[in-house]
Each structure stands twice: as C-alpha cells, then as structure tokens.
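The values are calculated or read from the model by the stated rules, or taken from the named source; none is laboratory data. All values derive from a computational prediction rather than experimental measurement. Here the Cβ positions follow ideal geometry from the backbone for every residue, glycine too, while neighbour counts run over all protein chains shown.
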Amino acid sequence: MISPEISLLVDLVGMGLLSAVIVYAVRLNARLGSLKADKKELEALLAGFAQSTQPAENALARLKSGSVEAGEAVSGQLDQAR
C-alpha cells in the first residue's frame, strides 16, 4: 500500500493543479466576457460604417455618370471642331 505521506503529497499536488485550473478558467471567462462586449461594439461600428459608405457609393455612381456625360459632350465638341 501507499504510505500516508505519499498519499498526502499526491493529494496536495492534485489540489494545487486543480486550483491552477480554476484560476485559469476564471481568467479565461473574464477574457471571453470582454471579447463578447468588444464583438457587440464592433458590430455597431460596422453597421455605422456600412451606413456611412452608402452615400459615398451613391456619390461615386453620380460622378461616374457625370464623367461619362462630360466625356461624350467633349467628344461631340471635338467632332464638330474637326
């Protein structure tokens, strides 16, 4: 059989390892909680970014159509000048 001293030592080592696991789990849980909070903040930021890029996309489309029209006008003027 195992002597009481060795049994006590094994129990103490086991308790120490379990304590370390518990501390690690608590710290991990805290980090996961902050990640969830950051995820919500990031989602809100991305939603705002999508809303702010829509007017820019519309402006680019108008600019492109305006440049096509201007190019056609200049081309027409060049043809008339020849």
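Answer yes if at least one residue in region 36-53 is over 37 Å from the mean Cα position of the chain (by Cα), among the hydrophobic types (A, V, I, L, M, F, W, C) and surrounded by 10 or more Cβ atoms within 10 Å (Cβ to Cβ), and no otherwise.
No, region 36-53 contains no residue that is over 37 Å from the mean Cα position of the chain (by Cα), among the hydrophobic types (A, V, I, L, M, F, W, C) and surrounded by 10 or more Cβ atoms within 10 Å (Cβ to Cβ).
Exactly one of these conditions fails for ALA81: (1) exposed (fewer than 10 other Cβ atoms within 10 Å of the Cβ); (2) modelled with pLDDT of 90 or more. Give me its number.
Condition (2) is where ALA81 drops out.
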